[in-house]
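Just so it is clear, none of the values below were taken in a lab; they were calculated from the coordinates. Predicted, not measured: the structure shown is a model, and the values here were computed from it. Backbone-built Cβ (ideal geometry, glycine too); neighbour counts: all protein chains shown.
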Amino acid sequence: MRALLPMAAALLMVGCASSTMDAARTGAPSAQLDSRKPAGRVAECIQYSWQDEVVFGVDASGYKDARKDGGFTVYTREAQAFVDVYPQGQGTHVDFYAKPQDGTALRRKAAAATCL
């Protein structure tokens with residue numbers, strides 16, 4: 001029974017994050033970036049950089065999921081910021097979304113840009 005409660009909470013958070021991301025995708029991304037690196041490498045780098053507690057403090061979180069249509073989504077707790085990472089030709093295309101557009105969002109965008 002004790003194992004079910006954390007699992008249920010995690011599933012609930014994923015569902016909320018997914019609906020938040022779907023709503024954000026109906027609008028334009030905050031930024032669009034391109035790279036010559038493979039999509040998997042870019043996604044892993046972004047995930048790792050967003051987990052840096054020195055930069056993001058207690059808000060340091062980064063989760064990565066494969067997308068049904070290819071590529072990856074890297075997102076933060078409650079999907080305050082996320083990127084969709086897609087293979088594009090010989091490289092990668094990244095759509096960056098953040099809500100709200102604040103200092104933390106700018107740091108996350110800068111961290112993502114270092115992975116390109």
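Going Cα to Cα from K109, which aspartates and glutamates come in below 14 Å? Please leave out same-chain ones fewer than 8 positions away.
Once the sequence-local aspartates and glutamates are set aside, what remains near K109 is D34, D52, D84, D95.
Taking 7 Å along the Cα-to-C-beta vector as the label spot, tell me the K68-K99 distance in nanometres, rounded to one decimal.
Calculated label separation equals 2.0 nm.
Highest mean first, what order results for 91-103, 28-40 on Cβ atoms within 10 Å?
91-103, 28-40
Quick one: angle between helix 103-113 and the longest Cα principal axis of the chain, in degrees between 0 and 90, rounded to 10, please.
Computed tilt is about 50 degrees.
Excluding Q101 itself, what net charge comes from residues whose Cβ is under 13 Å from its Cβ, given Lys and Arg +1 and Asp and Glu -1? Write down the numbers at each step before the final one.
On the way: positive: K99, R107, R108, K109; negative: D102.
Every neighbour counted, the sum reads +3.
Would you list, by chain and number, the lysines whose Cα falls below 21 Å from the Cα of K68, excluding same-chain residues fewer than 8 positions away?
Leaving aside lysines fewer than 8 places away in the same chain, those within reach of K68 are K37.
Under the rule a/c < 1.5 gives rounded, and otherwise a/b versus b/c splits prolate from oblate, where does the range 38-85 land using the Cα gyration tensor?
It is oblate, given that a/c is not under 1.5 and a/b is not larger than b/c.
How far is helix 4-25 tilted, in degrees, relative to the longest principal axis of the Cα atoms in the chain, given as a value from 0 to 90 rounded to the nearest 10?
So the inclination is approximately 40 degrees.
Compare the peptides 50-59, 72-81 by average per-residue count of other Cβ atoms within 10 angstrom and give them in order, highest first.
72-81, 50-59
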